[in-house]
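Each remark here refers to the structure printed beneath this line.
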Amino acid sequence: MANSPIYLDFHATTPVDQRVVDAMLPFFTDYFGNPSSLHSYGWQAEAAVKNSRETIAKTINAQPEEIVFTSGATEANNLAIKGVAEAYFSYGKHIITVQTEHSAVLDPCRYLESLGFEVTYLPVESDGLVSLTTLEKAIRPETILVSVMAANNEIGVLQPIEEIGALCQKQEILFHTDAAQAIGKVPLDVQAMNIHLMSMTAHKVYGPKGIGALYVRRRQPRVNLAAQLHGGGHERGMRSGTLYPPQIVGFAKALDLAVAEMDSERKRLVGLRSQLLHSLNQLPDICLNGHPTQRLPGNLNVSFGGVDGQALLLGLQSVVALSSGSACSSASTAPSHVLKALGRSDQLAYASLRFGLGRFTTAAEIQQVGEAVVATVKALRAV
Ligand SMILES: *Cc1c(COP(=O)(O)O)cnc(C)c1O
């Protein structure tokens, strides 16, 4: 697209990698069967689903039977949280999560509160990390689930998942993590990290929209889930609905590529991010939101003092496509709940930019964006 702004919103979604598109295409036309059908068309589709399931499981050190395909991470989060609540309420009705979670975790929790569950929304430190002592103190005998995201979608902060997993395992509480932003970008191992349930989505890792999965542990412990979609009993009864081979094949291909290229991509993105921060640091009165290093390689989130957030976005929109601290749910104009949880003022929360760098970001683009942001902030401060 000629003259379109530079895309730095890779946390919102990513373009589908051409290699992923190529892997998907035959499954729209040549191998179009229903994986449930008992004839060769069905078997071909079923074989592709089986291979994809194995590939996805391998990238997180899980078993193929532990992967439940969903429409994305929103559905996976709903299935995990409501599914556990419905299956385990007789053991207790207390759930722990964090104030900085995505709405796809917070909203199911609020819904469960309306049904009589109690939810603790843990605060975070000023760097966005949840404190293990705070978490441990919040645990009660009736706590059935802890849900803490692996990587934050606004500030990129990586929570101490392995430590939280160990704590939950010791206390015999189920542990769910929303890994929508983390898969394919940072190493994830459901065994080593004692994860019981993990939400994933393809469209944040250069795969197609509309496909994701929930990892559901089958051993030590075996997690029971109440289905949220009832029908033909697909996905071992946990999620009915005809499987969608093109999307599933694309998801597996995308994740496989991302994991294979993770180390080199991390180094490249960290380099570009430093370059961007270096340009922004010419400006006085800016602050970095979130932990300086314990964050996704492609994430930079910065607040600009003394600037109107709306005017800043408007001034930049022809140069760069990104989100601000109020635009995460684009319909809402409230300041970001994540930045507020870090203790930022409304002004700083509004006047923030989330830079999401990705696979197709170049050094030339970063230079152009850096110059545009510096010029725009200077101009706005001058008026
Ligand atoms: C994008 C995102 C979601 C929602 O995923 P969908 O697949 O779009 O439903 C959930 N959680 C986090 C952290 C995300 O970044």
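Throughout, read-outs are computed from the coordinates displayed, never taken from laboratory work. Source: prediction; values computed, not measured. Positions of Cβ are backbone-derived with ideal geometry, glycine not excepted, and every protein chain shown enters the neighbour counts.
Looking for whichever is more than 18 Å from the chain's Cα centre (by Cα) and buried (at least 24 other Cβ atoms within 10 Å of the Cβ) here; the options are VAL249, VAL216, VAL223. Which one fits?
Working: VAL216 fails: more than 18 Å from the chain's Cα centre (by Cα); VAL223 fails: buried (at least 24 other Cβ atoms within 10 Å of the Cβ).
Matching residue, one of VAL249, VAL216, VAL223: VAL249.
Being in a loop (DSSP other than H, G, I, E, B) and of a type in the set (S, T, N, Q) is the requirement here; does SER240 meet it? Step through it out loud before you land on a result.
Details: in a loop (DSSP other than H, G, I, E, B): yes; of a type in the set (S, T, N, Q): yes.
Here the answer is yes, as SER240 does meet what is asked.
Within the range 165-182, the set of residues being more than 16 Å from the ligand (Cβ to nearest atom) and part of a loop (DSSP other than H, G, I, E, B) comprises GLU172, ILE173. Quick one: is ALA45 in contact with a His (Cβ under 6 Å, 6 or more places away or on another chain) and either within 16 Å of the ligand (Cβ to nearest atom) or touching a residue at least 60 places away in the same chain (Cβ under 8 Å) (or both)? So ALA45 does not fit the description; no. Yes or no: the range 106-117 includes at least one residue that is over 27 Å from LEU322 (Cα atoms), more than 16 Å from the ligand (Cβ to nearest atom) and among the small types (Gly, Ala, Ser). Checked against the condition, which is being over 27 Å from LEU322 (Cα atoms), more than 16 Å from the ligand (Cβ to nearest atom) and among the small types (Gly, Ala, Ser), the range 106-117 yields at least one hit.
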